[in-house]
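Asker: This structure is in structure tokens; I'll ask about it shortly.
The values are calculated or read from the model by the stated rules, or taken from the named source; none is laboratory data. Everything quoted here is computed from the prediction, not taken from an experiment. Positions of Cβ are backbone-derived with ideal geometry, glycine not excepted, and every protein chain shown enters the neighbour counts. The accessibility values were calculated without ligands, DNA or RNA, using every heavy atom of the protein model including side chains. Shrake-Rupley method; radii C 1.70, N 1.55, O 1.52, S 1.80 Å.
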Amino acid sequence: MNRRTFLTTASAAPAAGAVGLAAPAAKPALSTKIVRLNLRHTWTTTMSSSQYRDTLHTTFTRGGITGHGEGAPIVRYHEDAASAQKAVESVRDLLLTANPMQFGKIMAEVFKRVPGEWAGKAAIDIALMDWVGKKLGIPLYSYFGLDPKDAPLTTFSIGIDTPEITKQKTLEAADYPVLKVKVGLATDEATIEAIRSVTKKPLRVDANEGWKDKEEAVRKINWLEKMGVEFIEQPLPAEMLEEQRWIRSRVHIPIFADEACQHAADIPKLRECFDGVNVKLDKSGGMLEAYRMLQIAKALGMKTMLGCMISSSVSVTAAAHLSPLVDFSDLDGNLLISNDPFRGVLVEKGKLILPTGPGLGLTAAK
Ligand code: MG
């Protein structure tokens with residue numbers, strides 16, 4: 001057997017068997033629903049500007065236990081809520097007949113059957129993991145062997161806006177000790193100066209691939225360092241790894257990969273170019289892949305961050321259960337919306353307070 005045949009066979013073999021069937025205690029059910037989340041402020045980054053976001057919500061019920069899931073589709077990966085819903089519906093039969101305690105096997109099969117659609121996969125993964133935590137009667141941080149007291153502070157994000165509104169948003173974020181600021185447009189200096197006119201708090205900056213050449217990036221990063229910025233996220237387009245490596249040797253503050261780091265297999269090649277990785281459940285396809293990414297990044301000596309998209313407390317709470325693992329967190333997507341259907345992770349002066357109920361520990365919003 002040559003190497004190519006070996007690799008193909010080795011990866012295909014485990015999936016050849018049917019995912020384990022178990023006699024259902026009650027009729028299993030799966031629901032998918034697109035939920036429109038309204039933003040408190042119009043949200044602008046280098047990628048888009050919007051007043052609401054549609055995310056896909058799922059429930060998985062079996063044996064009288066219901067797990068909740070959510071995925072926030074990312075336009076950059078050619079997804080929307082309708083395509084995420086279609087992706088989940090395409091594996092309905094698999095989910096309804098599989099044994100949910102074999103969640104690792106189920107998700108491997110979902111990853112194999114469904115191309116792309118990472119938010120759809122996350123909505124499945126999170127619902128299964130919530131179900132598993134409830135079945136075992138433990139919160140998911142305990143399932144992963146983590147101590148909720150280790151959950152780091154979360155940043156609060158300030159989207160791109162006029163200097164006046166940026167100032168107002170900064171003042172509204174008084175309870176958060178660290179801010180994350182979106183830049184990457186021609187207005188970067190004005191944005192940072194507006195924030196600095198009202199606060200001396202540590203800032204973290206996200207360029208969302210907004211700078212297009214390496215000299216501009218070095219100039220801006222060195223200026224940001226002088227303005228008290230702790231680190232910068234994704235200065236250049238994801239594919240510009242050589243230029244990114246060049247930048248890294250010319251600036252002092254750490255640089256995190258976000259758009260360049262979607263899955264576990266991306267991480268080894270990023271090691272020479274970035275100091276850390278920003279892992280998101282909606283980007284990776286759920287908690288299991290995110291956990292794998294965080295462990296790989298740590299093993300490679302990289303710093304770790306958990307981020308999120310604009311989403312409800314379902315997705316943000318799922319990420320928060322993994323947050324005791326990471327150095328930094330940016331889990332504020334649920335704080336940016338005005339109609340969150342759930343209550344889960346809370347934030348007190350920037351500190352993430354994880355719910356202690358089984359699974360995700362969600363309750364309905366009052
Ligand atoms: Mg980012």
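Asker: When the residues of the stretch 185-206 are narrowed to those that are among the acidic types (Asp, Glu) and more than 25 Å from the chain's Cα centre (by Cα), which ends up farthest from residue 170 (Cα to Cα)? Full working, then the answer.
Answerer: So in the stretch 185-206, the residues among the acidic types (Asp, Glu) come out as 188-189, 193, 206.
Narrowing further to those that are more than 25 Å from the chain's Cα centre (by Cα): 189, 193.
Numbers: 189: 16, 193: 12 Å.
Top of the filtered list is 189.
Asker: Just to be sure before I move on: is residue 248 among the basic types (Lys, Arg) and under 20 Å from the mean Cα position of the chain (by Cα) in the structure I sent? Explain how you work it out, then say what you get.
Answerer: Numbers: among the basic types (Lys, Arg): yes; under 20 Å from the mean Cα position of the chain (by Cα): no.
No; evaluated as a whole, the condition is false for this residue.
Asker: Sticking with this one: Any idea which residue in the stretch 300-347 is surrounded by the most Cβ atoms within 10 Å (Cβ to Cβ), counting only those that are part of a helix (DSSP H, G or I) and among the hydroxyl-bearing types (Ser, Thr, Tyr)?
Answerer: Restricting attention to the stretch 300-347, the residues satisfying the condition of being part of a helix (DSSP H, G or I) are 313-325, 333-336.
Then drop every residue that is not among the hydroxyl-bearing types (Ser, Thr, Tyr), which leaves 313, 315, 317, 323.
Working: 313: 26, 315: 34, 317: 30, 323: 26.
Only one residue tops the list, namely 315.
Asker: Run residue 237 past the list (1) in a loop (DSSP other than H, G, I, E, B); (2) open to solvent by 10 Å² or more (accessible area, probe 1.4 Å); (3) touching a strand residue (DSSP E or B) at 6+ places or on another chain (Cβ under 9 Å); (4) farther than 18 Å from residue 165 by Cβ and report the number of the one that doesn't hold.
Answerer: (3)
Asker: Can you tell which of 230, 209 is at positive phi and not in a helix (DSSP H, G or I)?
Answerer: Numbers: 230 fails: at positive phi.
Just one listed residue meets the conditions, 209.
Asker: May I pose another question? State all residues of the stretch 284-298 that are part of a helix (DSSP H, G or I) and either touching a His at 6+ places or on another chain (Cβ under 6 Å) or more than 22 Å from residue 248 (Cβ to Cβ) (or both); if no residue qualifies, say none. Lay out the reasoning, then the answer.
Answerer: So in the stretch 284-298, the residues part of a helix (DSSP H, G or I) come out as 284, 287-298.
Result: 284, 287, 288, 289, 290, 291, 292, 295.
Asker: Another question, if that's okay. If a residue must be surrounded by 14 or more Cβ atoms within 10 Å (Cβ to Cβ) and away from the ligand (no atom under 15 Å from the Cβ), how many such residues does the stretch 199-215 contain? It would help to see each step written out before you state the result.
Answerer: Within the stretch 199-215, the subset surrounded by 14 or more Cβ atoms within 10 Å (Cβ to Cβ) is 199, 201-211, 214.
In the following step, the residues that additionally are away from the ligand (no atom under 15 Å from the Cβ) were identified as 199, 201-202, 214.
Qualifying residue count, the stretch 199-215: 4.
Asker: Out of 186, 194, 151, report the one residue that is more than 19 Å from residue 334 (Cα to Cα), touching a helix residue (DSSP H, G or I) at 6+ places or on another chain (Cβ under 6 Å) and assigned by TED's automatic domain parsing to the domain that holds residue 282.
Answerer: Numbers: 186 fails: touching a helix residue (DSSP H, G or I) at 6+ places or on another chain (Cβ under 6 Å); 151 fails: more than 19 Å from residue 334 (Cα to Cα).
Checking each option against the conditions leaves just 194.
Asker: Now for a different question. In this structure, does residue 348 turn out to be of a type outside the set (S, T, N, Q) and either at pLDDT below 95 or more than 15 Å from the ligand (Cβ to nearest atom) (or both)? Spell out the reasoning first.
Answerer: On the way: of a type outside the set (S, T, N, Q): yes; either at pLDDT below 95 or more than 15 Å from the ligand (Cβ to nearest atom) (or both): yes.
Yes; evaluated as a whole, the condition is true for this residue.
Asker: When the stretch 53-95 is examined, which residues are found to be over 25 Å from residue 105 (Cβ atoms) and open to solvent by less than 20 Å² (accessible area, probe 1.4 Å)?
Answerer: Within the stretch 53-95, 55, 72, 74, 81 qualify.
Asker: Out of 98, 151, 174, 122, which single residue is surrounded by 18 or more Cβ atoms within 10 Å (Cβ to Cβ), over 23 Å from the mean Cα position of the chain (by Cα) and more than 26 Å from residue 217 (Cα to Cα)?
Answerer: Details: 151 fails: over 23 Å from the mean Cα position of the chain (by Cα); 174 fails: surrounded by 18 or more Cβ atoms within 10 Å (Cβ to Cβ); 122 fails: over 23 Å from the mean Cα position of the chain (by Cα).
Exactly one residue qualifies, and that residue is 98.
Asker: Could you say which residue among 158, 165 is among the β-branched types (Val, Ile, Thr), closer than 20 Å to residue 255 by Cα and touching a residue at least 12 places away in the same chain (Cβ under 8 Å)?
Answerer: On the way: 165 fails: closer than 20 Å to residue 255 by Cα.
Residue meeting the stated conditions: 158.
Asker: I need every pair where a residue in the stretch 321-348 that is touching a residue at least 40 places away in the same chain (Cβ under 8 Å) and outside the structural domain of residue 299 (by TED's automatic domain parsing) has its Cβ under 7 Å from the Cβ of a residue that is among the hydrophobic types (A, V, I, L, M, F, W, C) and open to solvent by less than 10 Å² (accessible area, probe 1.4 Å), sequence separation at least 6 or different chains.
Answerer: Between residues of the stretch 321-348 that are touching a residue at least 40 places away in the same chain (Cβ under 8 Å) and outside the structural domain of residue 299 (by TED's automatic domain parsing) and residues that are among the hydrophobic types (A, V, I, L, M, F, W, C) and open to solvent by less than 10 Å² (accessible area, probe 1.4 Å), there is no close pair.
Asker: May I ask you to list the residues in the stretch 246-274 that are within 16 Å of the ligand (Cβ to nearest atom) and among the small types (Gly, Ala, Ser)?
Answerer: Those that are within 16 Å of the ligand (Cβ to nearest atom) and among the small types (Gly, Ala, Ser): 257, 260.
Asker: How many of the residues in the stretch 164-178 are of a type in the set (Gly, Ala, Ser) and farther than 12 Å from residue 203 by Cβ?
Answerer: Quick first cut of the stretch 164-178, residues of a type in the set (Gly, Ala, Ser) only: 173-174.
Now restrict to residues that are farther than 12 Å from residue 203 by Cβ: 174.
Number satisfying all stated conditions: 1.
Asker: Which residues, counting only those in the stretch 294-320, are without any contact (Cβ under 8 Å) to a residue 40 or more places away in the chain and either out of contact with any Lys or Arg (no Cβ under 9 Å at 6 or more places or on another chain) or outside the structural domain of residue 284 (by TED's automatic domain parsing) (or both)? Break it down into steps so the answer makes sense when it comes.
Answerer: Restricting attention to the stretch 294-320, the residues satisfying the condition of being without any contact (Cβ under 8 Å) to a residue 40 or more places away in the chain are 294-302, 304, 306, 316, 319.
294, 295, 296, 298, 299, 316 - these are the residues of the stretch 294-320 that are without any contact (Cβ under 8 Å) to a residue 40 or more places away in the chain and either out of contact with any Lys or Arg (no Cβ under 9 Å at 6 or more places or on another chain) or outside the structural domain of residue 284 (by TED's automatic domain parsing) (or both).
Asker: Being within 15 Å of the ligand (Cβ to nearest atom) and more than 16 Å from residue 121 (Cβ to Cβ) is true for just one of 317, 304. Which residue is that? Don't jump to the end; show me each part of the working.
Answerer: Working: 317 fails: within 15 Å of the ligand (Cβ to nearest atom).
After applying the criteria, what remains is 304.
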